[in-house]
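Participant: Let me give you the structure first, and then I'll get to my questions.
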Amino acid sequence: MPSLLLAAASQDSPSHRKLLLESDRIVFLGDSITYKGDYVSNFETWLKALYSKRNFDVVNLGLPSETVSGLSENGHAGGKFPRPDLFTRLDSVLEKTKPDLIFACYGMNCGIYQPLDEQRFQKYKDGISKLKKKAEESGATIIFLTPATFDSKRKPKQAHYAEVLNTYADWLVSQRQNGWLVIDIHSHMRNALDEEQKQNPTFTYQKDAIHPNSAGHWS
């Protein structure tokens, strides 16, 4: 995702370059979009091309269906299991990987595909804040990525979820005023999708409304 690559360490940003160059191990946390690995691979390729003499250990620890909200809808996975909660594994992840830098992308699953609700929203905010606290206590710097957009044209009956993710992403971006490191991939992807659909209403990055294809990961 160019927004990720440019914002994380653009050549005209000494502070971003310094952050990367001081990071031996970079860990990615997230749900199935991260687990798929496309944008992580894009990032790693770009990173190694830009700093060819520097050895980086990039570890993708995305987990399908995972949330930071700890919520799960009835019948998830056909009723086989509830959505995984990051905090059942986070301490172990931090202890075993000892990351210098963490990229975390959550939100797509955290509202469990229901309409906007203040209690669910608060669970997301609490989970993100808890993740930041634990990451920093472990000695890592954490960069948050806003969630990908939800293509409501693919699932009109769940069109409300696009607004849920808009709200979650806006809140996360607002935390920049508190010194948080946040990369807004949501707005970039939403704007790109809107422009494409003006020309071709059937265009999509996400056939299932959720998981970006290769172009979506690069958008």
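The values are calculated or read from the model by the stated rules, or taken from the named source; none is laboratory data. Not measured: the values here are computed from a predicted model. Note that each Cβ is placed from the backbone with ideal geometry, even for glycine, and that neighbours are counted across all protein chains shown. Calculation scope for accessible area: heavy atoms of the full protein, side chains included, ligands and nucleic acids excluded. Shrake-Rupley method; radii C 1.70, N 1.55, O 1.52, S 1.80 Å.
Participant: Which of the residues that make up the range 143-160 are touching a strand residue (DSSP E or B) at 6+ places or on another chain (Cβ under 9 Å) and assigned to a loop (DSSP other than H, G, I, E, B)? Before the answer, list the steps.
Facilitator: In the first step, residues of the range 143-160 are kept if they are touching a strand residue (DSSP E or B) at 6+ places or on another chain (Cβ under 9 Å); the result is 143-148.
Within the range 143-160, Thr146, Pro147, Ala148 qualify.
Participant: Across the range 162-186, what is the number of residues that are closer than 18 Å to Ile142 by Cβ, in contact (Cβ under 8 Å) with a residue 24 or more places away in the chain and either part of a loop (DSSP other than H, G, I, E, B) or under 12 Å from the mean Cα position of the chain (by Cα) (or both)?
Facilitator: Initially, the range 162-186 is screened for residues closer than 18 Å to Ile142 by Cβ, giving 168-169, 171-186.
Imposing the further condition that a residue be in contact (Cβ under 8 Å) with a residue 24 or more places away in the chain reduces the set to 168-169, 171-173, 175, 180-186.
Narrowing further to those that are either part of a loop (DSSP other than H, G, I, E, B) or under 12 Å from the mean Cα position of the chain (by Cα) (or both): 168-169, 172, 180, 182-186.
Residues that pass the stated criteria total 9.
Participant: Looking only at the range 111-145, count how many residues are open to solvent by 10 Å² or more (accessible area, probe 1.4 Å) and of a type in the set (Phe, Trp, Tyr).
Facilitator: 2
Participant: Looking only at the range 96-110, which residues are over 14 Å from the mean Cα position of the chain (by Cα) and in contact (Cβ under 8 Å) with a residue 12 or more places away in the chain?
Facilitator: Restricting attention to the range 96-110, the residues satisfying the condition of being over 14 Å from the mean Cα position of the chain (by Cα) are 96-101.
Passing the criteria: Thr97, Lys98, Pro99, Asp100, Leu101.
Participant: Between a residue in the range 111-127 that is in contact (Cβ under 8 Å) with a residue 60 or more places away in the chain and any residue that is part of a loop (DSSP other than H, G, I, E, B), which pairs come within a Cβ distance under 8 Å, given they are 6 or more apart or on different chains?
Facilitator: From the range 111-127, the pairs are Gly127/Val68; Gly127/Ser69; Gly127/Gly70; Gly127/Tyr106; Gly127/Cys110.
Participant: Also, quick follow-up: Filter the range 32-71 for residues that are open to solvent by 40 Å² or more (accessible area, probe 1.4 Å) and touching a residue at least 40 places away in the same chain (Cβ under 8 Å) and give the result.
Facilitator: So in the range 32-71, the residues open to solvent by 40 Å² or more (accessible area, probe 1.4 Å) come out as 35-36, 41-42, 44-46, 48-50, 52-55, 57, 60-61, 63-64, 70.
Across the range 32-71, the qualifying residues are Lys36, Asn42, Trp46, Leu50, Gly70.
Participant: Give me the residue from the range 205-219 that is at pLDDT 90 or above and either of a type in the set (Phe, Trp, Tyr) or open to solvent by 30 Å² or more (accessible area, probe 1.4 Å) (or both) and, out of that set, nearest to the chain's Cα centre (by Cα). Talk me through it step by step, then tell me what you get.
Facilitator: Here is the first cut: in the range 205-219, the residues at pLDDT 90 or above are 205-213.
If we keep only those that are either of a type in the set (Phe, Trp, Tyr) or open to solvent by 30 Å² or more (accessible area, probe 1.4 Å) (or both) as well, we get 205, 207-208, 211, 213.
Numbers: Tyr205: 16, Lys207: 19, Asp208: 18, His211: 12, Asn213: 15 Å.
Among them, the one singled out is His211.
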